1. Give 292, 255 a once-over and let me know the one that is open to solvent by 60 Å² or more (accessible area, probe 1.4 Å), under 22 Å from the mean Cα position of the chain (by Cα) and of a type outside the set (Gly, Ala, Ser).
2. When only residues in the range 43-73 that are at pLDDT below 80 and within 16 Å of residue 3 (Cα to Cα) count, which is most open to solvent (accessible area, probe 1.4 Å)?
3. Among 287, 250, 192, 275, which is under 23 Å from residue 111 (Cβ atoms), modelled with pLDDT of 95 or more, open to solvent by less than 20 Å² (accessible area, probe 1.4 Å) and not in a loop (DSSP other than H, G, I, E, B)?
4. Do we have residue 201 as over 22 Å from residue 272 (Cβ atoms), without any contact (Cβ under 8 Å) to a residue 60 or more places away in the chain, surrounded by fewer than 16 Cβ atoms within 10 Å (Cβ to Cβ) and in contact with a Pro (Cβ under 8 Å, 6 or more places away or on another chain) here?
5. Scan the range 218-241 for residues that are closer than 21 Å to residue 104 by Cα and open to solvent by less than 60 Å² (accessible area, probe 1.4 Å) and jot them down.
6. What about residue 215, is it closer than 21 Å to residue 162 by Cβ and over 22 Å from the mean Cα position of the chain (by Cα)?
7. For residues that are part of a helix (DSSP H, G or I) and within 30 Å of residue 295 (Cα to Cα), scanning just the range 144-189, find the one that is most open to solvent (accessible area, probe 1.4 Å).
8. Do we have any residue at all in the range 261-280 that's on the phi > 0 side of the Ramachandran plot and out of contact with any strand residue (DSSP E or B) (no Cβ under 7 Å at 6 or more places or on another chain)?
Amino acid sequence: MADLDDLNAFVAVARAKGFRDGARASGGSASRLSEAVRRLETRLGVRLINRTTRSVLLTEAGQGLLERLSPALNEVEAALDAVNGFRDKPAGTLRLNVPVSAVRLVLPAIVPPFLAAYSGIRMEVIAEDSFVDVLAAGCDAGIRYDERLEQDMIAVPIGPRIQRFAAAASKRYLDRYGRPQHPRDLLQHACLRGRFGSGALTSWEFERDGEVISVEPTGPLLVSVGTATDLAVDAAIAGTGIVYLFEDWLRPLFDRGELEPVLEPWWQRFSGPFLYYPGRRLVPAPLRAFVDFIKAVPGRS
């Protein structure tokens, strides 16, 4: 019989399509996963994974094992999680995959009181702005906006229900180059853009009295969305150009006078984020507790 830990290691690597990503999802190390998969292959007498310098590919035997093994391991996980029902409070690890904006704007008001209420739960937050399969990434749930949710997901409102995108620049920049009066005026300004991991640039959209205008401005700085957004903000404060970001992200800078709102009557409103998780599996006790928590606390759902 193969060791259950080795089987879990194989599934983590297969789902993540790599030892490094599998280690990140499972909370282990790449070397430990590699050793476990090699040990499993030796016991079974068949190669499960073809390793390359950059990725791993499942063999036919590996693909067959993954398809049969995943439902079985999910059942084992659900059976063990059922024990949580006999505790006074649930325990275990809750893994969330969230965008950087949620780490900054949503979770700070929720995570500390949640962890204080559930001392037996350990939370792991993985921040990235690319849309991922939460199960393949080894996570229990994620946070995204409704336009990026898959239909088979259960979605629970979390954080502010209405948000706005805001444009901003320093007073020094605006005094020197003028204050835009219409979104199309941005085409004549230095704008600080963002690029998603997919390669797509962030869209700059504005709305007023039912009129929606999308512009594609240019500028001296392009940053990775999420991981390097603070650099664009710092550049805007220094007078390099105009930044376009969540109003809640920029609000403290407005209050301190470090940035000035630009085109505020045109700021577009949109619905807030959702906690989402697959509806086709039993909900782990830590996730169930988190869902109940965000539903029960006023102003957080």
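The values are calculated or read from the model by the stated rules, or taken from the named source; none is laboratory data. Keep in mind it's a predicted model, so treat the numbers as computed, not measured. Heads up, the Cβs are rebuilt from the backbone with ideal geometry, glycines too, and the neighbour counts pull from every protein chain shown. Accessible surface areas use protein heavy atoms only, side chains included; no ligands, DNA or RNA. Shrake-Rupley method; radii C 1.70, N 1.55, O 1.52, S 1.80 Å.
1. Details: 255 fails: under 22 Å from the mean Cα position of the chain (by Cα).
Unique residue meeting the criteria: 292.
2. Among those that are at pLDDT below 80 and within 16 Å of residue 3 (Cα to Cα), it is 72.
3. 250
4. So residue 201 fails the test.
5. Across the range 218-241, the qualifying residues are 223, 225, 226, 228, 229, 232, 233, 235, 236, 237.
6. Here the answer is no, as residue 215 does not meet what is asked.
7. 147
8. No: zero hits.
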